Amino acid sequence: MFRKITLKNFRTHVNTTIELGPLCLLIGGNNAGKSNFIAGISHFSKLIARAMLVDEFNRPINKEVTSEDFFPYRHRLTSPDEPMGFSCEWLGIKYV
């Protein structure tokens, strides 16, 4: 189970951290960033899954993650030298 999720410089989230419990509801007004937060989790999960592909013999398949994968989703007011980021804490272990 995820305990904490952080998005940095993704769409409308400059630096957003949400701590999760057994039940988590995202509640807010229109344009509060609820859908963008879920989209960020989905986007970074797909990048991680693509980087960890294996063939039928359990050998890694290298599919590079390029800057093209990030650019359309960067927060529009972020400077070009600030990276996008995703981190999650899962069962007390932090993955960045």
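The values are calculated or read from the model by the stated rules, or taken from the named source; none is laboratory data. Everything numeric in this text was worked out from a predicted model, so none of it was measured. Ideal geometry is used to build each Cβ from the backbone, glycine not excepted, and the neighbour counts take in all protein chains shown.
Some observations on this one:
- Single residue of segment 12-47 satisfying the filter (charged (D, E, K, R) and closer than 23 Å to Leu91 by Cβ) that is modelled with the lowest pLDDT: Lys46
- Taken over segment 12-37, the criterion of being within 16 Å of Met1 (Cα to Cα) and hydrophobic (A, V, I, L, M, F, W, C) is satisfied by Ile18, Leu20, Leu23, Cys24, Leu25.
- Some residue of segment 16-24 being free of Cβ contacts under 8 Å to residues at least 40 places away in the same chain, in a strand (DSSP E or B) and within 24 Å of Ser79 (Cβ to Cβ): yes
- Flag if Arg50 is more than 14 Å from Cys88 (Cβ to Cβ), of a type outside the set (A, V, I, L, M) and modelled with pLDDT under 80: yes
- All conditions but one from (1) exposed (fewer than 15 other Cβ atoms within 10 Å of the Cβ); (2) among the polar types (S, T, N, Q); (3) at pLDDT below 90 apply to Asn9; the one that does not is (1).
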